[in-house]
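Here's the structure we're looking at; comments come further down.
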Amino acid sequence: MERLVTTSQAAEILGLSLQGVHYRIKKNQLKSVKQSGKTFVYISDEIPITNTTNSTNNQKIKVEPVISQNTNQNNYSDAVIEGKNEQIVLLKKSLKWMKRQYISEISRLEKNQKRIIDVFNSEIKLLQSAFNEMRSIYKPQIQAQREYEPQKEEIKFISLKDFFVFMKRNNKSEQEIKYTIFRAIKKGDKRFIYNKVDKKLLILDADFMDLI
């Protein structure tokens, strides 16, 4: 016959630590059941409870072999180490897989980069070839056109200060000079270029004797 005892009682009866009892339950070396959230262990009636009251019954009791506490702790440690070793093996495999993926991705990017560079170089060569061809066609025409074009005179400007100096030398007051400029702009005198946006005045280097 078997009776249900708590895990603490089972540890005392079997001479094990509480961890040893749980380890044997996990390894199915002890039958157990959960009731009301607590774990109970089946123990043979032939094994006495060590903390029972004084008993006068000295009859011989058949006791099953029990693993010592040290042996059980060693088994538990071995199980922990074995679990850790399995985790290490899995991590090593994951690292190898990630390394292969990383190398594969780098290789793919390098190949794509090489293809892009090759395409750009090919396009550049085509553009250079087209440019050289167009230049060889139109260069003689451009040179011939330049030979027949009259040389354009370089446009020169004078500063507003220089204009004032010129006008003052011809006995013009500042008020008269300002009025002359204003009237010239209003009449559309091409010698005076006024930018309304920037509010800047450009004066061509020309003959202003008609303004005196």
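No value in this document is a laboratory result; all are computed from the given coordinates. Everything quoted here is computed from the prediction, not taken from an experiment. Cβ sites come from the backbone with ideal geometry, for glycine too, and all protein chains shown count toward neighbours.
Numbers below:
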| quantity | calculated |
| --- | --- |
| Packing rank of 163-170, 91-98, where each peptide gets the mean count of other beta carbons within 10 Å, highest leading | 163-170, 91-98 |
| Cross-link partners of LYS172 among lysines (Cα-Cα below 21 Å; sequence separation of 8 or more within a chain) | LYS161, LYS186, LYS187 |
